[in-house]
1. Being among the β-branched types (Val, Ile, Thr) and within 23 Å of Arg297 (Cβ to Cβ) is the filter; apply it to the stretch 1-51 and report the residue that is modelled with the highest pLDDT.
2. Based on what the data block shows, is Asn207 touching a residue at least 60 places away in the same chain (Cβ under 8 Å), in a strand (DSSP E or B) and within 29 Å of Arg159 (Cβ to Cβ)?
3. Return the residues of the stretch 69-112 that are β-branched (Val, Ile, Thr) and over 18 Å from the mean Cα position of the chain (by Cα); say none if nothing qualifies.
4. Every residue in the stretch 54-71 that is crowded, with 24+ Cβ neighbours inside 10 Å and not in a loop (DSSP other than H, G, I, E, B), please.
5. Output the number of residues of the stretch 30-82 satisfying the condition of being in contact with an Asp or Glu (Cβ under 7 Å, 6 or more places away or on another chain) and among the polar types (S, T, N, Q).
6. Give Gly114, Gly79, Gly108, Gly74 a once-over and let me know the one that is surrounded by fewer than 17 Cβ atoms within 10 Å (Cβ to Cβ) and modelled with pLDDT of 95 or more.
7. For the stretch 348-361, what are the residues that are in a strand (DSSP E or B) and closer than 16 Å to Phe82 by Cβ?
Amino acid sequence: MRGLLLVLGAIGALMVAYVVYLANDAGEFRTLVDQHPDQCRRVPGMPGSEDITLHPDGRFAYISSDDRRGVINGNPSPGAIFRYDLDSSSATPVNLTPNADLQFRPHGISLFVGDDGRETLLVVNHPGESLFGAPDGGDNGALHTIEVFDVVDNALVHRQTHASEWLISPNDVVAVDHDRFYFTNDHGAGPGLMRQLEDYLRLPWANVVYFDGAAFVEVTDGLSYANGINKSPDGTKLYVAEVSRNLVHVYQRNPASGSLTLQQTIDVGFGADNIEIDPATGDLWLGGHPRLLTFVRHAADASVDSPSQVVRIRQAGAGYQVTTEFLDSGELISGASVGASDGRRLLIGSVFEDHIMDCVL
């Protein structure tokens with residue numbers, strides 16, 4: 001009996017040690033001091049603005065919106081893609097998908113603008129499984145799709161739906177031209193117990209998949225909750241955020257084959273979510289969660305504020321410099337997932353909130 005008690009005690013001590021380690025790594029013991037630009041305003045009307053991407057000319061932004069609280073509470077509404085004018089200091093968002101149905105549950109988005117001005121918008125969609133909703137299979141049996149839209153006369157014209165067994169748990173997408181793209185699977189396991197174990201044990205089952213215009217191929221794996229993905233303005237580098245390990249990976253991209261070679265890993269010190277790129281400078285703008293376990297509580301309970309952080313990542317010699325541009329206790333915006341900026345304005349979106357923040361830098 002004594003031996004059994006010793007074994008159980010040792011197991012209990014290991015579990016406590018792991019929980020403390022996990023909480024520390026998730027930032028739960030960090031001291032946070034709010035840091036905001038002087039001019040920030042709330043822009044309502046776009047619930048769950050999980051991803052935002054700027055047009056390269058800086059005139060407007062595309063915003064992915066899905067009311068995930070409504071899904072959780074059994075009162076779902078169609079998701080939407082909004083356009084937000086940056087030329088006006090008092091602009092209101094315009095819904096570009098007013099006729100969408102309940103199968104439109106947008107998540108990560110990516111805009112590609114060709115040299116001729118032609119625009120393509122890619123949208124990760126969860127027709128049968130919203131980010132925090134229950135799977136129902138969707139109309140076509142696909143839990144997840146990637147939708148392709150052409151932007152014509154300031155409107156979205158649907159061109160194509162991609163469905164594949166490789167779309168296991170897609171989170172974000174980046175277009176490299178009008179037909180080819182990469183996306184992240186943030187989990188390797190489907191919904192259920194194994195996915196929960198994957199989360200809390202930080203199992204490296206996530207991956208990045210490339211679509212070459214004809215077929216899907218896995219280009220890197222061994223990631224723990226792969227999240228945001230983006231590319232450098234010249235298309236030679238690919239950036240991937242690993243939220244549960246507080247990392248951003250820098251890959252050299254082979255334009256001919258789409259293959260990736262890991263060049264460098266940046267420790268950003270917080271739960272890295274979506275990555276946006278300043279088209280002029282190539283700087284990375286990264287939104288995320290300085291207290292990741294608090295965000296998990298926020299996901300389950302809207303009354304719990306979850307701190308938000310946005311950093312700018314600049315090339316500095318052979319390495320990278322990480323600078324905090326926005327840090328908030330969760331009072332202005334909770335659970336930020338994205339910060340998009342051209343160096344003049346900073347737009348901040350989140351997984352659940354009913355507004356974005358629009359800040360002048």
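1. In this case the residue turns out to be Val33.
2. No.
3. Result: Val71, Ile72, Thr92, Val94, Thr97.
4. Of everything in the stretch 54-71, those that are crowded, with 24+ Cβ neighbours inside 10 Å and not in a loop (DSSP other than H, G, I, E, B) turn out to be Ala61, Tyr62, Ile63, Ser64, Ser65.
5. So the count comes out to 3.
6. Details: Gly79 fails: surrounded by fewer than 17 Cβ atoms within 10 Å (Cβ to Cβ); Gly108 fails: surrounded by fewer than 17 Cβ atoms within 10 Å (Cβ to Cβ); Gly74 fails: modelled with pLDDT of 95 or more.
Just a single option satisfies the conditions, and that option is Gly114.
7. Selection gives Ile348, Gly349, Ser350, His355, Ile356, Met357, Asp358.
Yes/no per residue for (1) at pLDDT below 95; (2) surrounded by fewer than 20 Cβ atoms within 10 Å (Cβ to Cβ); (3) touching a strand residue (DSSP E or B) at 6+ places or on another chain (Cβ under 8 Å):
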site	(1), (2), (3)
Leu201	yes, yes, no
Val209	no, no, yes
Ala215	no, yes, no
Gly235	no, yes, yes
Glu276	no, no, yes
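The values are calculated or read from the model by the stated rules, or taken from the named source; none is laboratory data. In this text, all values refer to a predicted model and were calculated from it rather than measured experimentally. Ideal geometry is used to build each Cβ from the backbone, glycine not excepted, and the neighbour counts take in all protein chains shown.
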